[in-house]
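Undergrad: Please find one structure pasted underneath; my questions will follow.
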Amino acid sequence: MLTEKLPKIWYGGDYNPEQWDEATMEEDLRMFKLAGIDVVTINVFSWARSQRDEHMFDFTWLDKIIKRLAQDNIRVCLATSTGAHPAWMAKKYPDVLRVDYNGRKRKFGGRHNSCPNSPTYRKYSVMMAAKLAERYQEEPMLSAWHISNEYGGYCYCDTCEHQFREWLEQRYGTIQKLNTAWNTSFWGHTFYEWDEIVVPNALSEEWDGNRTNFQGISLDYRRFQSDSLLECYRLEYEQLKIVTPNIPITTNLMGTYPELDYFKWAKYMDIVSWDNYPSMDTPLSFTSMSHDLMRGLKSGQPFMLMEQTPSQQNWQAYNGLKRPGVMRLWSYQAVAHGADTVMFFQLRRSIGACEKYHGAVIEHVGHEHTRVFRECAELGKELQLLGDQVMNSRARNRVAIIFDWDNRWALELSSGPSVALNYVDEVHKYYDALYQLNIGTDIVSVDEDLTAYDVVIAPVMYMVKPGFAKRIEEFVGNGGTFVSTFFSGIVNENDLVTLGGYPGELRNVLGIWAEEIDALYPGQSNHIRMTEEVGSLHGSYSCGILCDIIHAEHAEVLAEYGDDFYRGTPVLTRNHYGQGKAYYVASSPEQAFLQGLLEQLCTEQGIQPLLHTPSGVEVSERVKGDKSYLFILNHNEDERSFDIGATPNRELLTGRFISNEVHLAGRDVLILERSSFV
């Protein structure tokens with residue numbers, strides 16, 4: 001899709017020429033050429049500039065910018081500017097202002113400050129999208145639409161309360177069905193009329209963000225708010241699509257951001273885009289997992305890296321510089337996992353407000369003689385050299401990890417058993433074990449077709465949605481390997497406990513019954529004691545957070561607890577089901593255990609590492625036609641050596657052919673072209 005607009009990896013980022021005079025913009029364009037910048041995102045927060053009241057629109061300033069960019073053959077990713085409403089709108093139409101979690105009505109300020117159910121916001125945001133589409137539909141440099149910016153934040157106003165009731169009526173049909181789904185007989189909460197229902201916040205059912213008296217109510221409010229913001233996006237999307245049906249439309253997501261169900265959002269995005277802002281101490285595997293999650297939102301389609309910083313951020317507690325080579329390395333990490341663009345926030349640093357110290361290609365000094373600019377220019381040359389060779393290529397992984405926002409919300413809202421239980425962390429533990437093995441992994445939804453995979457992992461699958469257990473039974477029955485963990489199969493989609501013993505609907509395929517769940521305090525641990533060798537696993541391993549006390553019904557016991565009153569009870573089981581196997585890990589183990597277990601399960605399915613490399617050398621693969629592109633990234637500061645095999649492979653960045661032992665410099669990258677059948 002993107003190759004139709006520009007047949008190379010897009011290179012550029014957010015640009016705000018409206019903050020500068022024409023002479024500065026001319027200097028910027030001169031430096032863009034030096035850096036190889038060929039795409040800019042403009043008009044992200046310019047609603048107030050283009051619309052000064054209900055009726056007066058002025059796009060002449062934007063016309064000039066787009067015309068000048070076109071003269072230098074710079075493509076435009078045009079934002080609709082609706083990420084922050086104008087001050088005049090807040091003054092005249094207070095329904096656009098959000099009410100916060102504590103019930104306080106906001107005043108104008110900040111961004112993402114609009115009530116998603118405000119009739120005023122929806123009216124004027126759609127109007128803005130329509131006017132932009134009509135004005136620029138014939139613009140040849142228009143290459144993508146960027147709706148709003150980083151959607152997020154909930155509202156608890158009267159309008160949202162009213163719309164929540166309508167959303168619930170549409171979802172449940174009758175008040176009786178709602179009472180059943182929410183179990184409102186608890187604490188005398190039975191509702192007889194829809195208007196008796198109020199929003200769950202600090203004034204009603206919730207406190208401390210994710211602590212709630214009624215999980216069903218709070219869970220549905222998160223679904224409702226995600227849907228409400230999505231509806232705002234869709235209204236703009238539909239306007240743009242009517243006028244410009246061939247221009248791809250996106251909005252920038254934020255990785256594992258908690259408030260929105262991105263799998264649901266991705267259905268209405270032509271291409272997924274996201275903003276990658278890891279801290280300096282973020283595990284490398286977590287960033288890779290986030291890229292893979294974004295790729296998985298649309299079943300493996302390439303995505304856009306919409307934002308990253310060239311140097312440092314401004315909003316974290318400690319905003320360290322990216323060390324020399326890291327910007328290039330992390331850019332290729334994104335490409336390795338499916339990005340067809342490398343874009344920055346921002347291209348020139350602002351002079352005022354909260355983002356003036358956020359990194360940029362062009363620093364405050366205003367010229368190209370900086371380390372950051374030189375690194376950006378060098379990367380720009382390499383991306384020109386790569387052309388479209390890796391664009392539109394896909395991963396071909398045989399291992400998948402299931403990620404589900406509904407499950408995450410329900411788990412975080414759960415009243416116990418431990419505040420230390422973090423869904424994303426548990427998913428990452430399994431991903432990291434595979435990452436260290438150089439085994440490619442897809443992150444998929446609960447609705448994904450699993451037939452392409454041999455190993456499927458569902459960490460802490462607390463909520464089991466309708467049909468999921470049946471699909472897992474079919475997957476395992478047909479020869480697949482399934483792994484689930486402690487605190488799985490507990491509730492249904494309404495967060496009501498599935499009676500008859502844990503893990504509920506997964507009990508049949510897993511062949512176990514969990515009787516109790518022990519929550520360990522910080523510093524406490526138990527041990528996994530292997531009763532038979534599983535690959536390289538033998539001896540004892542530590543585990544913690546939660547310990548399911550389980551009974552093996554049909555499953556084999558591969559390991560037992562080593563401590564406490566449930567010493568000797570199963571902690572790792574394997575159940576033969578049809579032609580496949582289902583494993584249950586009853587606690588949260590140390591990484592050595594997970595790495596050994598997953599290595600063995602992959603080996604049994606004939607899944608081998610892409611390469612064997614030293615620690616800190618990441619390997620990922622993209623495939624296109626009969627070509628495989630192997631990305632090798634040395635995240636270490638110094639050189640690492642490893643063997644790539646005797647067959648000569650062309651290295652795309654240098655054109656040379658290499659084989660056997662390779663010496664890769666610190667923070668350097670190799671992209672090897674191989675036959676896709678290797």
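Computed from the coordinates by the stated procedures, all read-outs in this text should not be read as laboratory data. From a predicted model like this one, the values you see are computed outputs, not experimental measurements. Methodologically, a virtual Cβ is constructed for each residue, glycine included, from the backbone with ideal geometry; neighbour enumeration extends over all protein chains shown.
Undergrad: Using 0.36 nm per residue of separation minus the Cα-Cα distance, give me the extension gain between Lys267 and Thr531 in nm, one decimal.
TA: Contour length minus Cα-Cα distance gives 90.4 nm.
Undergrad: Moving on. Rounded, prolate or oblate, given the Cα gyration tensor of the stretch 34-103, with a/c below 1.5 counting as rounded?
TA: oblate
Undergrad: Related question: Might you report the magnitude of the Cβ-based charge dipole of the chain about its Cα centre, with Lys and Arg at +1 and Asp and Glu at -1, to the nearest 20 debye?
TA: Charge dipole, the chain, about its Cα centre: 1720 debye, nearest 20.
Undergrad: Can you find, among Val76, Ile457, Val96, the residue sitting farthest towards the positive end of the charge dipole of the chain, where Lys and Arg contribute +1 and Asp and Glu -1 at Cβ?
TA: In the chain, that residue is Val76.
Undergrad: Report the rotationally averaged projected area of the stretch 573-633 based on its alpha-carbon convex hull, in square nanometres.
TA: Averaged projected area of the stretch 573-633's Cα convex hull equals 6.3 nm².
Undergrad: Write down the radius of gyration of the stretch 617-675 and its Dmax, each obtained from C-alpha positions, in Å.
TA: Over the stretch 617-675's Cα set, Rg and Dmax evaluate to 11.1, 35 Å.
Undergrad: Cross-link list Lys67/Lys356; Lys465/Lys627; Lys356/Lys624; Lys91/Lys267; Lys107/Lys298; Lys264/Lys381: which exceed 29 angstrom alpha carbon to alpha carbon?
TA: Check vs 29 Å cut-off fails for Lys465/Lys627; Lys356/Lys624; Lys91/Lys267; Lys107/Lys298; Lys264/Lys381.
Undergrad: Another question, if that's okay. Work through the residues other than Leu594 whose Cβ is under 10 Å from its Cβ and net out their charges, Lys, Arg +1 and Asp, Glu -1.
TA: So the environment of Leu594 carries a net charge of -2.
Undergrad: Continuing with the same structure: In nanometres, what is the gap between the two model label sites at Arg371 and Ala592, each 7 Å from Cα along Cα-to-Cβ?
TA: 3.8
Undergrad: So how do 238-250, 530-542 stack up, highest first, on mean other-Cβ count within 10 Å?
TA: 238-250, 530-542
Undergrad: Based on Cβ point charges of +1 for Lys and Arg and -1 for Asp and Glu, what charge dipole magnitude is obtained for the stretch 399-604 about its Cα centre, in debye rounded to the nearest 20?
TA: 160
Undergrad: Tally the DSSP beta bridges in the chain and give the antiparallel ones as a percent, rounded to 5.
TA: 60
Undergrad: Residue farthest toward the positive end of the dipole of the chain, with Cβ of Lys/Arg at +1 and Asp/Glu at -1: which of Phe487, Met304, Gly539?
TA: Met304
Undergrad: Mind checking the dipole of the stretch 617-675: about its Cα centre, +1 per Lys or Arg Cβ, -1 per Asp or Glu Cβ, Debye to the nearest 20?
TA: Magnitude of the dipole: close to 340 debye.
Undergrad: If you plug each phi of the stretch 227-233 into the Karplus form 6.51 cos²θ - 1.76 cosθ + 1.60 with θ = phi - 60°, what whole-Hz ³J(HN,Hα) values come out, in order, with x for Gly and Pro?
TA: In residue order, the calculated couplings are 5, 5, 5, 4, 5, 4, 4 Hz.
Undergrad: Enumerate the calculated ³J(HN,Hα) couplings along the stretch 430-441 in order (Karplus 6.51 cos²θ - 1.76 cosθ + 1.60, θ = phi - 60°), each rounded to whole Hz, writing x wherever the residue is Gly or Pro.
TA: In residue order, the calculated couplings are 6, 4, 4, 4, 6, 4, 5, 8, 6, 9, x, 9 Hz.
Undergrad: Considering the Cα trace of the stretch 399-604, what is its radius of gyration and what is Dmax, both in angstroms?
TA: Cα-based Rg and Dmax for the stretch 399-604 come out at 15.3, 42 Å.
Undergrad: Along its three principal axes, how long is the stretch 162-298 when you only count alpha carbons? Whole Å, largest extent first please.
TA: Reported extents, whole Å, longest axis first: 49, 45, 23.
Undergrad: Which length gain, in nm to one decimal place, applies between Glu134 and Lys107 when the Cα-Cα distance is subtracted from 0.36 nm times their residue separation?
TA: 6.5 nm
Undergrad: So for the stretch 326-425, taking the charge dipole from beta-carbon charges (+1 Lys/Arg, -1 Asp/Glu), which of Ala360, Val424, Thr370 sits furthest toward the positive end?
TA: Thr370
Undergrad: Could you state the orientation-averaged shadow area of the convex hull built on the Cα atoms of the stretch 58-197, in nm² to one decimal?
TA: Projected over every direction and averaged, the Cα hull of the stretch 58-197 covers 11.4 nm².
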